Structure formats: structure tokens, C-alpha cells
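Here the structure comes first, spelled out in C-alpha cells, and everything after it is commentary.
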Amino acid sequence: MLWHLIFMIPTIIGYSFGMFCLISSETFKSKGFLLLGVGIFIFSLIYILIYSLVTLIPNVAILSRRFHDRSMTMTLPIIFYVFTVIVSGFNYLPNIDNSAVLIFMGIICLIYWIGSILILVLTCLDSKTESNKYGPSPKYNRNETNFHGDNANPVDK
């Protein structure tokens, strides 16, 4: 989590400085500030897009590992990632005046918010002490092994 914050600080600073430049361009009627603000926003958007794509697979792997340690399936994280794509797509919709669509979008965002809290709580819970279908718990069975032979790696068995 610390590394996410370290890599996100330039984006936060970039968005803040870009917003300052855009407000200053409107206040002082300066096209230079406008171009600088738009350029910083575009650079920040590209940076966050690349960072999100680079960390997608490691984040899914960590989430998968935590759910396997809890002896749970990957159904909930997959649903979470589908909702992430849906909620992210709401940003690109044109202005919608239809109240039914807005209510539907609000319900989807509420489900996404509740799911995010649920996944956060589930990943913070302690691992199961007993073995699961993926092998013994590495946290609780450090000195014990149920495997015999030259290679005691449960993946190779």
C-alpha cells in the first residue's frame, strides 16, 4: 500500500497543479496557463493509466492469494473487477437527464462501494489455520510438512 501512495503522489500533485493552472488561465485570461494545465492533466491521465495497467495483474494475484488463504473462491473479486469496469465507464457517458438511468447508475455505484468495503474487510482477516485445497497454510505450518521425499514443495506433489 505504501508503494501505491508513493507512485500516486506525482499524480495528486499533477492534478492539483493542473487545476491551479486551469483556474489561473481563466482568471488571468492566459493561454499559456491553459496549455500548461491541459498538458499536465493529459500527462497525469497517461501516467495513471500506465500505472493502473502495470499493477493490474499483481493486484489480482495478491487478491487471489488472500482469498485462497481464506479458502474462498475468486467469484467475489471477479465480480468486483467487472463492477470496476462498469463504474469506470460511467465517466465517459454523455450528460444523462433520464432519472431511471441515474437511479440505476447510483445503485451500481452503491453496490460497488459496499463490495469494496467487503473485499477490504475480507483481505484484512487472518488466514485459516488448516490446510485448504491449495496446500498447507504457509503462515501456520512453517516447520511442519505432510509431504515426504526429496522435494517437499506442495505445488510439485
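Throughout, read-outs are computed from the coordinates displayed, never taken from laboratory work. What you see is a predicted model, and the numbers here were worked out from it, not measured in a lab. Neighbour counts run over all protein chains shown; Cβ positions are idealised from the backbone, glycine included.
What is the chain's relative contact order, in percent, from Cα pairs under 8 angstrom and six or more apart in sequence? Computed over the chain, the figure is 17 percent. Size of the chain: Rg and Dmax of its alpha carbons, in Å, are 22.7, 77.
Starting from the Cα-Cα distance between residue 130 and residue 70, subtract it from 0.36 nm times their residue separation and give me the gain in nm to one decimal. Before the final figure, lay out each step's value.
Details: separation 60, 0.36 × 60 = 21.60 nm, distance 0.98 nm.
Extending this stretch completely gives an extra 20.6 nm.
May I ask you to compute the full-extension gain from residue 61 to residue 42, defined as 0.36 nm times their residue separation minus their alpha-carbon distance, rounded to one decimal in nm? Walk me through the numbers on the way to the answer.
Details: separation 19, 0.36 × 19 = 6.84 nm, distance 2.94 nm.
Full extension from residue 61 to residue 42 adds 3.9 nm.
A Cα-only calculation for the stretch 57-136 places Rg and Dmax at 16.3, 54 Å. For the chain, which DSSP H helices look membrane-span-like by this rule: Cα extent along the axis of 30 Å or more and mean Kyte-Doolittle of at least -0.5? Span-like helices in the chain: 2-28, 31-69, 99-124. Each residue in 3, 113 was given a count of other beta-carbon atoms within 10 angstrom of its own, and listing them fewest first yields 3, 113. Based on alpha carbons, the Rg and Dmax found for the stretch 1-56 are 13.1, 41 Å.
Within the stretch 1-89, the trypsin sites (Lys or Arg not before Pro) that combine a DSSP coil assignment with at most 12 other C-beta atoms in a 10 angstrom radius are 29.
Length gained on full extension, residue 5 to residue 92, computed as 0.36 nm times the residue gap minus the Cα-Cα distance: 28.7 nm. Residue exposure proxy: 69, 126, ordered by other Cβ atoms within 10 angstrom of their Cβ from fewest to most, comes out as 126, 69.
Given an 8 Å cut-off on Cα distances and at least 6 residues of separation, report the relative contact order of the stretch 44-129 as a percent. Write out the running numbers ahead of the final one.
Details: 29 pairs, mean separation 36.0, N = 86.
Here the relative contact order equals 42 percent.
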